[in-house]
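To start, I am sharing the structure in question, which I have written as structure tokens.
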Amino acid sequence: MAPDPLSLPAIHASHVGIWIADASGRVQRVGRGEAIAAVAATPHVLLGATLTGDRLGYPELSGLDLLELFAFLFPARFAVPTPAGIAAAMGIAPPDSEADVAAFLPRAAAAMLDRAGDAAWPEREGAWHGLQALSRQRWPWAPLLQPRISAPERSERWLFARLPEWEEAAPRPQPRQVTVNPDDVTARLDRLTGDGAERRAGQRDYARAATAIFEPRERRDRPQMLVAEAGTGIGKTLGYLAPAKQWIDQSGGSVCVSTYTKALQRQLARETERLYPDARTHREKVVVRKGRENYLCLLNLEDALQGGFSGRAAVLAQLVARWAAYTRDGDMVGGDLPGWLPALFRRNGTTALTDRRGECIYAGCPHFRKCFIERSTRSAAQADIVIANHALTMVQAARPRDGGAPATRLIFDEGHHLWDAADSMFAAALTGQEAIEIRRWVLGPEGKSRGRRRGLAARLADVASYDEAGDKAIQAAIEAAGQLPGDGWLARIAENAPWGAIERLLVAARGQVYARGADPKNADSGYGLETELADPGPDLVAAAADASDAIEALLRPLMALGKRLDALVDDPPDWLDGQARARVDGARASLGTRIDTLGAWLSLLGRVGGPADPDFVDWLAVDRFDGREYDIGLHRHWLDPARPVADIVYAPAQGVLVTSATLRSGAQAGNDAGSGWSDADIRTGARHIDGGVRHFAVPSPFDYARQAEVLIVTDIARGDLPALAGAYSRLIEASGGGALGLFSAIRRLRIVHARIADRLARAGLPLYAQHVDPLDTGTLVDIFRADPHASLLGTDALRDGVDVPGESLRLVVMEGVPWPRPTILHAARRAAQGGGAYDDGVIRARIGQAFGRLIRRADDFGQFVMLSPSFPSRLLSAFPAGTPIRRLPLDEVVNHVAAANGEQRKRAFAAFSRS
């Protein structure tokens, strides 16, 4: 029996309207001014203060937020942050309409509070201590929880006492040299897919082909490499996991599976549960690895709990502490911390709770033995399967001192993103923001800087005390770092009053960008400006020479310190105990990263006034957002970023698989227009491997001629924003929701959303949008997936890796052809790799990825609408062979979508009736 609703007022605001329920449960629709006055006078129960505040136009809204209560009561559990999602999580009936939500909220709150009084509540431990701290912060829910949560009879473990310690283990032995039988792989695949599953020939062929990367390597620096394209629906994840698990069992080795996004890492982790059905075994054998900036830092959390945070941030710290005691791995970004929790705090402090600036003191930390990051590193070294992202996999290969996983076999899923990941990883940027970070790393906090950041002297105090040479190097580095930009550098440069050699360089760079790169048509548009680093002016040449001297003055003592630390580890003195050794090892890792960065800066500065390096593209840039400058500097990217991938990442491995549904420029596997492998070999770096690269392709099993339709709208003029908004609105109404709208510019997305959100809401069709709604992308996708009437607008992050099978995604609308931005870097690569053909390959891949969101299951049906009357026929090969393609006016496209929506609902009802 459900508990009685709380006798508290509640508010619900949406694009449809605003409703308030009084303490007796009576609901009335109110205007915005009346609603703001009510919530300002009395705390109301609400669901998501930030989103509700946006709907009200009252950003400082606070009250009894159900999501905060859920996060306290059920840490490390997830619920979709909507009324229906909360109802499902609590096992109660959801509201029938928007007008019923306000009355539903006190009912949901009562159901949650009732769980706190349940003796079987699994997250009871630590709740009383956390509640006392939240009471001191005047958390609105505290008075309602206190009667339900009594003090523990015995002392209970709380947070730091509750967390287990990691243990050191012997290094994993090298894998045995074995030969994997493809027949054994096929048999294992059949077991993984289940006895009752349909045997898919394409998946079997793919799994047998993937076996090739587990063959013994014949020659050093030449891995067994397979570039494989598997069309959507093949089941490529199990297709490569089956041979991977067979090889692991036979060889005792480990495999690194790398993908592009955190969401895809999460999906891969779920798939590996088939390999290790036992939850405890799965935790030991499969580890998800991310960069250290993703994990909760326990020392930062302790500082926050002890007064480092105040006000609303202190409430967030306490809720994160509750989560930390129950989390699986401490992953705050894409892990089991609900993505909506930080968004509840507009000026949230989650970034201050992670190690984003290399401030870790390693063994000097009192929580070192319980550190989530250290535990993840050690767990990965012992795991059978490490699931990483492309960036981290490249970092570990480029900087093995940072503790890379010992995998000899690498599998790159979503391999079409390798080029972009490598482009970021192997680039160099000497900018004000990058320089100030190194200054802070060396000097520590300055002036009014807050936090517990420590400079080199504090992190290596014992080295400075006992080792004279090390102390001299530290002091020289501190003196040299004073030449790097400090607080207020942007204002000084704007006023042409630089301080120090690097700031003088940035002034000269800014001047040259505005002199040469500012197009009169867009100089004041708010976007960044850039110009080639060619024929530099005398001011820039002179400033670059002075900057080089300043950087060398910092690099020399850092290199001397690095050598000194190496010597201490090789021949440890008496004072170097275990904790000091761990601190030194940590310092060596972070020191090496900074030395690499400074070396790259010197190389880049050598280009100023010197000869161009044909392997690189160099330019100057002023980065701006909404007309405001936020960074200035010099940039260097590889012309072909896949080359360092081949040299640094592939070459040391024994076997490498690069796979995706869209590797070739034809985008979808099986499309004859993309049957050649040259584009795939360029973008994956396979062309730089000396022989032995194999290729494999298997088409999608989906019947695109029956399941999909491409509709190209012929009468929406480019740049006509009212017409664009009208098209989106009519299409979403015709489909009854279930639409994913993709934009290439945030500004146009915001304009379209503002024009159509209210209209769609009145039709019962919720609309959410990236860069508009104060929710993270993962949460927006979760909401979209859970509601077949909802639609979602977004940019590039939603074009790739969004897996929404079924009726919730039945329409994809692109605002136009996703042309590449005409940057200096793009122009150089375009000239080097085929001109227009290079552009077409990039565009086809983007369209192919967007189309790939549409059909995820054999019973899916969907339509892809392109709002571009001038869509070139040569790009039609981006779509799978056999897909019907029609060019029609908007009215006819809307009719097609409405008709298909009716037929789809009939099929869905028939399938439901049969089940």
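The numbers here are math on the coordinates, done by the rules we state, and not lab data. Only a predicted model underlies this, so the values are computations on that prediction, with no experimental measurement involved. Glycine also receives a Cβ, built like all others from the backbone with ideal geometry; neighbour counts cover every protein chain displayed.
Take peptides 208-214, 803-809, 241-247 and line them up by average Cβ neighbours within 10 Å, highest first, as a rough protection proxy.
241-247, 208-214, 803-809
Still on this structure: Can you report the principal axis dimensions of region 835-881 using only the alpha carbons, biggest first, rounded to whole angstrom?
40, 21, 16
Which number comes out as Rg/Rh for region 677-804 once both Rg and the Kirkwood Rh are worked out on C-alpha atoms?
The Rg/Rh ratio comes out at 1.09.
With label points built 7 Å along Cα→Cβ from the Cα atoms of residue 399 and residue 165, find their separation and express it in nm.
The answer from the label model is 2.9 nm.
A follow-up question, please. Could you grab the relative contact order for region 704-914? Cα pairs under 8 Å, six or more apart, rounded to a whole percent.
Across region 704-914, relative contact order equals 35 percent.
Now for a different question. When the distances between all Cα atoms of region 10-161 are binned every 10 Å from zero, what whole-number percent does each bin get?
11, 40, 32, 14, 3, 0
Is it possible to state the helix-based mean residue ellipticity at 222 nm for the chain, with each DSSP H run of 4+ residues giving -39500 (n - 2.57), the sum divided by total residues, to the nearest 500 deg cm²/dmol? What is it?
Helix-only estimate at 222 nm: -13500 deg cm²/dmol.
Cα-based Rg of region 63-148 per 2.2 N^0.38 Å, rounded to two decimals?
1.09
Please compute the modelled spin-label separation between residue 720 and residue 585, points set 7 Å along Cα→Cβ, answer in nm with one decimal.
That separation, rounded to one decimal, is 6.6 nm.
Once the cut-off is 29 Å, how many percent of the Cα-Cα pairs in region 704-914 end up in the long-distance tail?
Counting every Cα pair in region 704-914, those more than 29 Å apart make up 22 percent.
Another question about this same structure. State whether region 98-184 is rounded, prolate or oblate according to the following rule on the C-alpha gyration tensor (a ≥ b ≥ c being the square roots of its eigenvalues): a/c under 1.5 gives rounded; otherwise a/b larger than b/c gives prolate, and the remaining case gives oblate.
oblate
Can you tell me the Rg and the Dmax, both Å, for the Cα atoms in region 542-663?
Expressed in Å, the Cα Rg and Dmax of region 542-663 come to 19.9, 58.
Another question, if that's okay. Based on the alpha-carbon set only, what is the convex hull volume of the chain divided per residue, in Å³?
186
Which helices, counted as full DSSP H runs in the chain, have an axial Cα extent of no less than 30 Å and a Kyte-Doolittle average of 0.0 or above?
538-570
Rounded to the nearest 5, what % of the DSSP beta bridges within the chain are antiparallel ones?
If I count the DSSP bridges inside the chain, around 35 percent turn out antiparallel.
Considering Cα pairs under 8 angstrom that are at least six residues apart, work out the relative contact order of the chain and quote it in whole percent.
Details: 1649 pairs, mean separation 124.0, N = 915.
The normalised contact order for the chain reaches 14 percent.
Can you grab the distance from the C-alpha centre of region 1-63 to the C-alpha centre of region 283-342, Å, no decimals?
Comparing the Cα centres of region 1-63 and region 283-342, I get a distance of 29 Å.
Given the peptides 22-32, 540-550, 435-445, arrange them by the average over their residues of other C-beta atoms within 10 Å, most packed first.
435-445, 540-550, 22-32
Which of the GluC sites (Glu not before Pro) found in region 182-248 are in a DSSP loop and have at most 14 neighbouring Cβ atoms, other than their own, within 10 Å? Display every interim value, and only then the final one.
On the way: sites: 198, 218, 229; in loops: 198, 218.
Hits after loop and neighbour filter: 198, 218.
How far is it, in nm, from the label point at residue 433 to the one at residue 873 when both lie 7 Å from their Cα along the line to the Cβ?
4.5
So which of 245/285; 245/370; 290/370; 262/370 end up more than 21 Å apart by C-alpha?
Violating the 21 Å limit, Cα to Cα: 245/370; 262/370.
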